[in-house]
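One structure below.
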Amino acid sequence: MNRGYIKLWRKTLDSGLLQNGPAWQLFGYLLLRATHKPYRTIVGGVVCELVPGEVVFGRSKAAADLGLGEQQIRTALNLLKKMKIATSRSTNKFTVVSLVNWHNYQDEQAAANQQTNQPVTSTQPAVNHKQEFKNNITSLREVVGATAPTTDQQTEDLGQVEDHQPAQKPTVPPCPHQQILALYHELLPELPRVKVWTGVRQQHLAARWRERWKDGFYATQSEGLDYWRRLFSYIARCDFLLGKVYVPGRKPFLASLDWIARAENFAKIIEQRYENKESAQ
């Protein structure tokens, strides 16, 4: 059955993305699955409207399809976002990934203009990719898109609707203190409950939130909450932090959220300093 095709421009060779296997795989996967025409689907009982260049996306599904781990998919998607190749925004039901500058390089008319008017494109502001993507932004940003027809496979993914406005410098999403406190109480009921969360305590948590965002572990508040859920789930497996390791003459140690959020303690946790000896072998 003829399911259409995508255009893959040779300019992608100049981007350096080819040297990053998981990111290159994800890039091709998104190209192939993106819709080429306005499309409506239902995800989790919610109507999702897609425009050309968008795809309903789920990390677990992508990981299974590509033979990669979910962390690899998460890291690869964050790289595509940093390179301004893709954008995304999540709801509580789904996430839609939007390929940037789709129309310039996947629409038939735009592609024809690129080929037939190559000598004069630098004088045509409407299609001048040098003007639109100046300051040495990688050419891969200019070539994303697909013309493969979309089928009901879209409903298998999770994703976020993103418009096609010019890319802006990413900003850190606000630290959701109350949601993180709720995750802490839910996943670590053995540890001291938080009764007061103000001042320096808030500053410590906000600083760790910004650091993890800057390091590329998440791009949205929803992804950030997923990260902190995984972190608390990891801490729940560290007996020392839960007061389950007994040292003669000492009281068992119990970590608190305030203690976890301090820079030096947080660094030791993510360095796996507190893993159980059995699991660390």
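For the reader, a short list of remarks on this structure follows.
- Residue-level check: of (1) in contact (Cβ under 8 Å) with a residue 60 or more places away in the chain; (2) open to solvent by 20 Å² or more (accessible area, probe 1.4 Å); (3) farther than 25 Å from Asp14 by Cα, Phe94 misses just (2).
- Strands (runs of 3 or more DSSP E) fully within region 14-111 counting 2 or more residues that are touching a Pro at 6+ places or on another chain (Cβ under 8 Å): 46-50
- Residue count for region 242-259, restricted to those that are under 25 Å from Trp209 (Cα atoms), touching a residue at least 40 places away in the same chain (Cβ under 8 Å) and open to solvent by less than 60 Å² (accessible area, probe 1.4 Å): 5
- Test: Lys7 is touching a Phe, Trp or Tyr at 6+ places or on another chain (Cβ under 7 Å) and among the charged types (D, E, K, R): yes
- Residues satisfying the stated conditions in region 194-221, i.e. in contact with a Ser or Thr (Cβ under 9 Å, 6 or more places away or on another chain) and surrounded by fewer than 19 Cβ atoms within 10 Å (Cβ to Cβ): Val194, Gly216, Thr220, Gln221
- Residue list for region 8-33, filter: in contact (Cβ under 8 Å) with a residue 60 or more places away in the chain and open to solvent by less than 70 Å² (accessible area, probe 1.4 Å): Trp9, Lys11, Thr12, Ser15, Gly16, Leu17, Phe27, Leu30, Leu31, Arg33
- Residue list for region 17-64, restricted to those being among the basic types (Lys, Arg) and either more than 19 Å from Thr87 (Cα to Cα) or touching a helix residue (DSSP H, G or I) at 6+ places or on another chain (Cβ under 9 Å) (or both): Arg33, Arg40, Arg59, Lys61
- Being among the aliphatic types (A, V, I, L, M), touching a strand residue (DSSP E or B) at 6+ places or on another chain (Cβ under 6 Å) and closer than 16 Å to Trp102 by Cα is a property that holds for Leu50.
- Residue among Asp226, Asp239 that is among the acidic types (Asp, Glu) and without any contact (Cβ under 8 Å) to a residue 24 or more places away in the chain: Asp226
The values are calculated or read from the model by the stated rules, or taken from the named source; none is laboratory data. Bear in mind that the values here come from a model prediction, so they are computed numbers and not experimental data. So basically every Cβ, Gly included, is an ideal-geometry build from the backbone, and we count neighbours across all protein chains shown. Accessible surface is based on the protein model in full, side chains and every heavy atom, while ligands, DNA and RNA are left aside. Shrake-Rupley method; radii C 1.70, N 1.55, O 1.52, S 1.80 Å.
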